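Below: the structure, in structure tokens.
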Amino acid sequence: KLTCVSRAASWLETNSCYRSDDYIALQHIPPVLRFLFRIHPFRRFFFQVMAPKGIYEYTIARTKFIDAVFRQALLEKYEQILIFGAGFDSRAVRFRDEIGDTKVFELDAPVTQQAKMDQYRKLGIETLDNLVYIPIDFDKESLPEKLEQAGFEKGRKCLVVMEGLLMYLQEESVNQTFHVIEFFAGVGCMVVFVYVRAEVLRIAGKHYGDKEIVDTVSKAGVQWSFGFKQGKVEAHLGRFGLMVVEHTEPEELERMYFTDSKGEIAGRINGAHCLVKAVKR
């Protein structure tokens, strides 16, 4: 997938704006790509010509942003971390020395989790004893029941990560997900997530590269269903006892992560997505 490929290529970058820390992703991609991505002109060609505009930069910025929140939670001794739609997320491995006693719960479809565990075994990657996989069929199983059965404790200090999830859900499912978070999360818990701008779902073309990424997603046989309207995020989260502390749009991400030593923007970020960090009140 494009996310894994982008993270793998980013690990090989020498430019600090473009380099991120997901060394695990490199081991998940085919050997031929692993070889080609070590050639700088090929990386530039692949992501500037073959991929949607700014999606490489967006993936790098998103990874760095959520990594920073993850580290913050570990420094503040959060007791639990819940990763929705974890896929091949590698933070439970990359931050293993910092995780300590924090329990990490990864929630995803059984087939995806099995593929990940098989890949880890194949690569000889050891996982933590306090990493808990929660396989779930969202159409047939109760999310609260699955969390309780897995030992996720209500009211504990926790971090909830939803990196590539909400845009694929219907609005009712999005609200149900936030309701579950409201029920389980204690005061002071953090939630970090990505969302798609609602206008991109209606008429793409207003933001940098947004039409290209919408077309790419559609060609992959999936569909984005949910997006937040401009100015509505704070009020929507407030319904579930969450207060936004960071609401970061692509232009701000460019300033945060792609400002070079001369103070110039080194790369533009795809304009379809925004990042939010919120806390439970």
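With +1 on each Lys and Arg Cβ and -1 on each Asp and Glu Cβ, and nothing else charged, work out how big the dipole of the range 162-259 is about its Cα centre, in Debye to the nearest 20. All intermediate terms of the calculation are to be shown ahead of the outcome.
Details: 9 positive and 14 negative charges, 49 e Å.
In total the dipole reaches around 240 debye.
With a 1.4 Å probe and all protein chains in place, put GLU182, GLU145, GLU172 in order of accessible area, largest first.
On the way: GLU182 60, GLU145 105, GLU172 130 Å².
The ordering from most to least exposed comes out as GLU172, GLU145, GLU182.
Using a Gaussian network model of the chain with C-alpha springs under 10 Å, which one of PHE46, PHE35, PHE228 is most mobile by mean-square fluctuation?
Highest fluctuation of the listed residues: PHE35.
If one computes P(r) from the Cα atoms of the chain, what percent of pairs lie at distances over 24 Å? Please list the in-between numbers first.
Values: 19969 of 39340 pairs.
Summing the P(r) tail past 24 Å for the chain gives 51 percent.
For the range 121-235, what relative contact order do you get, as a whole percent, if you take Cα pairs closer than 8 Å and at least 6 residues apart?
Working: 107 pairs, mean separation 30.5, N = 115.
Relative contact order comes out at 27 percent.
If R₀ is 30 angstrom, what is the calculated FRET efficiency for the pair HIS247 and PHE35, using the beta carbon separation as r and rounding to 0.05? Spell out each step's value before the answer.
Working: r = 40 Å, r/R0 = 1.33.
The formula returns an efficiency of 0.15 here.
Rounded if a/c is under 1.5, else prolate if a/b is larger than b/c, else oblate: which is the range 52-183, with a ≥ b ≥ c the root eigenvalues of its Cα gyration tensor? Write down the numbers at each step before the final one.
Values: a/c = 1.20, a/b = 1.07, b/c = 1.12.
The shape class here is rounded.
If you average the C-alpha positions of the range 11-35 and of the range 53-74 separately, how far apart do those two centres end up, in angstrom?
15
Please tell me the relative contact order of the range 1-149 in percent, rounded to the nearest whole number, where contacts are Cα pairs under 8 Å and at least six residues apart.
On the way: 156 pairs, mean separation 26.7, N = 149.
Dividing the mean separation by the residue count of the range 1-149 yields 18 percent.
Could you look at the range 155-263 and say what percent of its accessible area is carbon and sulfur, using a 1.4 Å probe and all protein chains? Display every interim value, and only then the final one.
Details: 2680 of 5400 Å².
On the range 155-263, the fraction of accessible area on carbon and sulfur atoms equals 50 percent.
Using unit Cβ charges (K, R positive; D, E negative) and no other charged atoms, how large, in debye to the nearest 20, is the dipole of the chain about its Cα centre? If you can, show how the numbers build up before the last one.
Working: 38 positive and 38 negative charges, 123 e Å.
Magnitude of the dipole: close to 600 debye.
As an exercise, use a Förster radius of 22 Å and the Cβ-Cβ distance of GLN27 and ALA266 to find the FRET efficiency, rounded to the nearest 0.05.
On the way: r = 27 Å, r/R0 = 1.23.
That pair, GLN27 with ALA266, gives E of 0.25.
Just order 61-70, 14-23, 82-91 by mean Cβ neighbour count inside 10 Å, highest at the front, would you? Walk me through the intermediate numbers first.
Details: 61-70: 20.2, 14-23: 15.9, 82-91: 22.4.
So the peptides 61-70, 14-23, 82-91, ranked by packing, come out 82-91, 61-70, 14-23.
Determine, for each peptide in 159-165, 258-264, 198-204, the mean count of other beta carbons within 10 angstrom over its residues, then list the peptides with the highest first. Please report the intermediate quantities before stating the final value.
On the way: 159-165: 22.9, 258-264: 10.6, 198-204: 14.9.
Per-residue Cβ counts within 10 Å, averaged per peptide and sorted highest first, yield 159-165, 198-204, 258-264.
The values are calculated or read from the model by the stated rules, or taken from the named source; none is laboratory data. As the structure is a computational prediction, the values presented were derived from the model and not from experiment. Glycine also receives a Cβ, built like all others from the backbone with ideal geometry; neighbour counts cover every protein chain displayed. Just so you know, the surface numbers come from the protein's heavy atoms only, side chains and all, with ligands and any DNA or RNA stripped out. Shrake-Rupley method; radii C 1.70, N 1.55, O 1.52, S 1.80 Å.
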